[in-house]
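Right, one structure below, let's go through it.
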Amino acid sequence: MRLLDSYILPRIAQWFMVVFIGITVTFLIPRLSPINPVDEILARMTAFQTMDPEAFKTMRETTLALYGLDKTLIEQYVAYWQRLMVGDLGPSFGNFPRPVTEIIAAALPWTIGLLVTTTIISWTAGVLLGSLAGYFHSRRWAQVFERLVVVVYPVPYLIIAFVLILIFVAELKWFPLMGGSRGDAALTWEYISTLLYFGFMPALSVVIGATAFRFIMAKSLTTTEIASDYVQYAELAAVPRRKIILFYVARNTMLPQVTDLALSLGLIFEGALITEVLFTYPGVGFVLYNAIYNGDYNVIMGITLLSIIGVATAALLIDLLYPIFDPRVRLR
């Protein structure tokens, strides 16, 4: 009971507070912006044609009423929360009358499939290689890995992606530049193979940079850890190196790396914007880019809400799982 009152409930309350403030800020920012989305839509509609001023005024009033923007800010806020409670994010400005939830739901599986896979692969590879390179820092292979990562890590992601495109797409022509799959979705090897074929390039471009970052972090943590007294004592006591690496070094460096993994998974709901735009991958990032370009505020707000909830939930899970990974934060 003490654990529930003093540890779990305060963190759940903090989660609700973060989500509430995030949703409120997301609601206010576009409405306090000097740019009116309705005026943007009407400006595009009338860019190449003239319209009677009275007809334009009527159309503007009708469009404002359609999106609920003709009410006061308080009335809009109350209606906004009422729609959120039933999972309604409103219609898209750019793809009217298609609901925002339908647009995001169509793109979300692509982003989840890409980013969950690349996050797990890069985290596992970076932590494993970084920990081993930190412990066996005098070995030749560890020094080669470190030099390679030091070269790759500072390179901007755009450069890495363009180099991969030039090599594998333009020159070798092994992979396509755009798309997510070929054919109708089905649990068949033909369809799954096309998913792997189209997703390899964007996945590889993400994995390279993410693995380099996690390699550096894991190696730095391991280097600090192997200088500790208990690791030195374990080596003097002839404890098997495998046990030292797993139970003395890796376990004590795992806490910040688990935090990184959880937050990275929480961020997948905002998509990999640059990756998906470069490779025309039909994920949430590509949808967000088009929404920003077209001034589709409802879609932008919907993706932002998913990102806020995802990150807040990831932080909550980290807090609740910390006692499992680190006995120092367990309640007595």
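Quick notes
- Sequentially through region 12-20, phi angles give Karplus couplings (6.51, -1.76, 1.60; θ = phi - 60°) of 5, 4, 5, 4, 4, 5, 4, 5, 4 Hz, Gly and Pro residues having no value and appearing as x.
- For region 106-294, the fraction of 1.4 Å probe accessible surface lying on carbon and sulfur atoms is 71 percent.
- Equivalent ellipsoid semi-axes - Cα gyration tensor, region 106-294, angstrom: 37, 17, 15
The values are calculated or read from the model by the stated rules, or taken from the named source; none is laboratory data. Here the structure is a predicted model, which is why all the values come from computation and not from measurement. In case anyone asks, the SASA skips ligands and DNA or RNA and just uses the protein heavy atoms, side chains included. Shrake-Rupley method; radii C 1.70, N 1.55, O 1.52, S 1.80 Å.
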